[in-house]
Amino acid sequence: MCFIPGLDPFTLLGLGSAAAASSGAAAGASGVATALTALSTGLGVVGSVVGGIQGKQTADYNAEVAKNNAQAAKQEAAYEAQMTREQVQRVKGAQRAAGASSGLNIDSGTPVAVLGDTAKQGELDVLAQLYRGNVAATGYMNQAKQFKAEGKSAMASGFINAGTSLVGGLSQYAKQRRLMI
């Protein structure tokens with residue numbers, strides 16, 4: 001239907017007052033729909049951004065926890081290694097005392113070989129403990145990197161979803177405006 005400025009077709013047809021009442025109600029309903037569309041769009045945009053920020057904050061926190069766990073794994077391994085070294089020293093001391101009390105020369109021969117084997121095995125145990133600690137720490141650090149990547153992804157996703165909400169809301173608004181014209 002084509003409208004000519006200044007010429008109301010409803011008045012020409014004798015429907016002026018009914019059309020005006022109907023037009024006023026439609027304009028009021030259209031205004032509410034527009035306001036609801038704007039509110040929905042705004043909430044969608046804000047919700048998406050806040051969700052992305054919270055996702056990143058959670059991921060950053062989890063990454064820090066993983067880094068702390070890595071440090072704790074290394075410290076625990078170092079402690080266990082030190083305890084093993086001290087235990088090896090006690091065993092070697094007991095071996096020397098036992099050899100000396102038996103009348104053996106503990107500075108040569110079999111007693112020296114036994115002490116050497118004890119020291120060697122003890123150091124292998126220490127190295128194994130340190131290695132396990134480093135493996136655990138590496139696992140935690142990889143987990144921290146994964147959390148950081150998830151945080152970046154959550155932030156990007158939040159902004160993309162916000163943009164999608166904004167475009168969708170503007171599209172809905174444009175549709176409503178087209179129907180009113």
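Per-structure values
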{"item": "Largest to smallest principal axis extent of the C-alpha atoms in the range 59-135, angstrom", "result": "66, 15, 11"}
{"item": "Under 17 Å from the ALA156 label point (7 Å along Cα→beta-carbon), backbone N, the range 45-61", "result": "49, 52-57, 59-60"}
{"item": "Relative contact order for the range 43-141, counting Cα pairs under 8 Å that sit 6 or more residues apart, in percent", "result": "46"}
{"item": "Label zone at ASP117 (point 7 Å along Cα-to-Cβ), backbone N below 18 Å, the range 82-100", "result": "88-100"}
{"item": "Å² of accessible area per residue within the range 92-181, as computed with a 1.4 Å probe and no ligands counted", "result": "68"}
{"item": "Efficiency of FRET from Cβ geometry, THR110 and ALA72, R₀ 41 Å, rounded to 0.05", "result": "0.45"}
{"item": "Spin-label pair GLN146/LEU43, simplified geometry with 7 Å Cα→Cβ offset, distance in nm", "result": "3.6"}
{"item": "Cβ charges +1 (Lys, Arg) and -1 (Asp, Glu), total dipole of the range 116-162, debye", "result": "300"}
{"item": "Using a Förster distance of 41 Å, the FRET efficiency for LEU124-TYR61 (Cβ separation, nearest 0.05)", "result": "0.60"}
{"item": "Nearest-0.05 FRET efficiency for LEU166 and TYR131, computed from C-beta distance (R0 45 Å)", "result": "0.30"}
{"item": "The range 31-77 - Rg and Dmax from Cα coordinates, angstrom", "result": "20.3, 68"}
{"item": "Debye intensity ratio I(q)/I(0), log10, the range 67-181, q values 0.09, 0.16, 0.21 Å⁻¹ (C-alpha model)", "result": "-0.53, -0.85, -1.04"}
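The values are calculated or read from the model by the stated rules, or taken from the named source; none is laboratory data. Just so it is clear, the model here is predicted, and its values are computed rather than measured. Every residue, glycine as well, gets a Cβ built from its backbone with ideal geometry; the counts of neighbours run over all protein chains shown. Areas reflect the complete protein model, heavy atoms only, side chains present, ligands, DNA and RNA absent. Shrake-Rupley method; radii C 1.70, N 1.55, O 1.52, S 1.80 Å.
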